[in-house]
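Scroll down for the structure; my scribbles are underneath it.
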Amino acid sequence: MGKFGEDLIASAREAVAIAEGKTKPARRYEVDVVDVAALRRRLKLSQGKFAERFGLSAATVRDWEQGRRKPDSTARILLKVIEKRPEAVVAALRG
């Protein structure tokens, strides 16, 4: 087995140890939860328009707002950027 394979196995073992609480992760990022409904209202957008503008599914936005699902860490980061600089997200998505 090559170095890559050995590193991959070591990483998997480390992930298991972290999941089992036997070790702590090297770093951890926590992003505050954004009130999606309040953010959307502040931007004066319907759920559908909010989803369309920021590359999300309308069903996902609806589920977040109704508490059926919570944004994962990547989505929370995107929502934080939308909260602070919505025009930057729109510009990035337009290319």
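Every number here is computed from the coordinates shown, using simple stated rules; none is lab data. The shown structure was predicted, so the numbers you read here are calculated from the model rather than taken from an experiment. Ideal geometry is used to build each Cβ from the backbone, glycine not excepted, and the neighbour counts take in all protein chains shown.
Residues whose amide H falls under 5 Å from that of Arg69, counting only those 5 or more places apart or on a different chain, are Trp64, with hydrogens built in the peptide plane. How much net charge surrounds Ala92 when only the other residues with a Cβ under 13 Å from the Cβ of Ala92 are counted, with Lys and Arg +1 and Asp and Glu -1? Once positives and negatives cancel, what remains is +2. Expressed per residue, the C-alpha convex hull volume of the chain stands at 160 Å³.
Taking the number of Cβ atoms within 10 Å of each Cβ as an exposure proxy, the fewest-first ranking of Val90, Val61 is Val90, Val61.
Listed cross-link partners Lys24/Lys84; Lys3/Lys70; Lys24/Lys49; Lys22/Lys70 are compared with a 29 Å cut-off, the Cα-Cα value being larger for Lys24/Lys84; Lys3/Lys70; Lys24/Lys49. For the chain, find the longest principal axis of its Cα atoms and tell me its angle to the long axis of helix 73-84, 0 to 90°, nearest 10. In the chain, helix 73-84 runs at an angle near 40 degrees to the longest axis. Which one of Ala17, Ala38, Ala51 has the biggest mean-square fluctuation once the chain is modelled by GNM with Cα springs under 10 Å? Result: Ala17 has the largest fluctuation of those listed. Taking each residue as 0.36 nm, the span from Asp35 to Lys70 lengthens on full extension beyond its C-alpha to C-alpha distance by 11.5 nm.
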